[in-house]
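Below you'll find the structure, written out as structure tokens, and then a few comments.
The values are calculated or read from the model by the stated rules, or taken from the named source; none is laboratory data. Please read all numbers here as calculations on a predicted model, not as lab measurements. Cβ: placed from backbone, ideal geometry, glycine included. Neighbour counts: every protein chain shown. Quick note on the areas: whole protein, heavy atoms, side chains included, nothing else; ligands and nucleic acids left out. Shrake-Rupley method; radii C 1.70, N 1.55, O 1.52, S 1.80 Å.
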Amino acid sequence: MQSPTQQFQQNRAAAEGGEMSFIDHLEALRWHIIRAAIAIVVFTLGAFLSKEFLFHELILGPSRPDFWTYRMFCQLGQTLNSAELCLKELTFDLQNRQMSGQLSMHISTSFVVGLALGFPYLFWELWRFISPGLYPHERANSRGAVFFVSVLFALGLLFGYYIAAPLSIQFLASYQLDPTIENQIDLQSYISTLTTMSLSCAFVFELPMVVFFLAKAGLITPEIMRLYRKHAIVVILVIAAVITPPDVSSQLIVTLPILLLYELSINIARVVRRKDVARLNAQLAENHGQV
């Protein structure tokens, strides 16, 4: 008796010569989702069992002045003779105010880390479901999509964790209305700021791939992106203002890479259109030759 996975693989192979039914599509999608969920659960369990590293090194790292980002800014300050860039201490204390707060944070944070680590595999499963429905030339032109999506996601995640989130934490921790007011930050608020900043940057960095697929679908062109460049800059500034504290330097540090990604996306859209035009011209020439 065949396993469900083997059956669906046969259905997929048969789909290349014919059409799958709606039920077959749903059943195939269900198994893709199940496999992706299993991978996320495995990463989540791994993160949950690595409690000391997960929280002391990874999550709580940006709350200490010896964090890598703060040390790099301190070295930059020494090079530029600017003592303001060197962080001496972070003037806040983390507190847990709920009986089950630390346990719930352990579980939820482990899930977020598992989702972040499992995202490339999640997208790969999604791509395996979508790609059989593409035309051969579309599959050929989209080769490497999983790799580039994963790389951009990882770069955005690292940028958010090492740049955007520490700058936000440093600014918010040092901001005071009066010296007599102490910053006693709730653990949930701190972790929410860190994870939101990191994941926001990870998804924002997917802009080139989003533009690539939109250009392939004919929904966007490089001319449109150039025409609305000023509008895009305003939107990027708004996004940077949302995911960063109200500090000009932090907003500029986040805005610059997004602007570079936008310019890169314009070039990607131009390359996609050039290849599509060349392919259509080749098909027309072939059809004309046959006539």
| remark: Diffing region 162-174: the Karplus 3J(HN,Hα) column from phi (6.51, -1.76, 1.60, θ = phi - 60°), in whole Hz with x for Gly and Pro, holds 8, 10, 5, 5, x, 5, 5, 5, 5, 5, 5, 6, 8
| For the chain, treating each Cα as an identical point scatterer without solvent, what Debye log10 I(q)/I(0) comes out at q = 0.15 1/Å? | -1.24
| remark: Over region 122-171, the quotient of the Cα radius of gyration and 2.2 N^0.38 Å is 1.66
| request: With a 4.7 Å Cβ cut-off, tell me which Cys residues in the chain come up empty for a partner. | output: Cys201
| Difference of contour (0.36 nm per residue) and Cα-Cα distance, Trp68 to Glu182 | 38.5 nm
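Where only protein heavy atoms count, and the probe is 1.4 Å, what is the accessible area per residue for the chain in Å²?
On the way: 17880 Å² over 291 residues.
About 61 Å² of surface per residue is accessible.
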| field | Options Val112, Leu76, Ile33, ranked by Cα towards positive dipole end of region 13-120, top entry (Cβ charges) | value | Leu76
| field | Cα-based Rg and Dmax for region 172-291, where Dmax is the largest Cα-Cα distance (Å) | value | 21.8, 87
| task | Would you work out what percent of the accessible area of region 122-193, with all protein chains in place, is carbon or sulfur (probe 1.4 Å)? | result | 64
| field | Hits among aspartates and glutamates - C-alpha to C-alpha of Lys275 under 13 Å, sequence gap 8 or more where chains match | value | Glu138
| message | Explain nothing, just compute: Karplus ³J(HN,Hα) = 6.51 cos²θ - 1.76 cosθ + 1.60, θ = phi - 60°, for every residue of region 33-38 in order, whole Hz, x for Gly and Pro. | response | 5, 4, 5, 5, 5, 4
| Taking the simple approach of a point 7 Å from Cα along Cα-to-Cβ for both Arg229 and Gln102, what is their distance in nm? | 5.4
| If you place +1 on the Cβ of every Lys and Arg and -1 on the Cβ of every Asp and Glu, how big does the dipole about the Cα centre of the chain come out, in debye to the nearest 20? | 880
| said: Keeping all protein chains in place and using 1.4 angstrom, which order do Thr109, Thr44 fall into by accessible surface area, from largest down? | reply: Thr44, Thr109
| Top positive-direction residue, dipole computed over region 176-256 with Cβ charges, set Tyr190, Leu219, Ile233 | Leu219
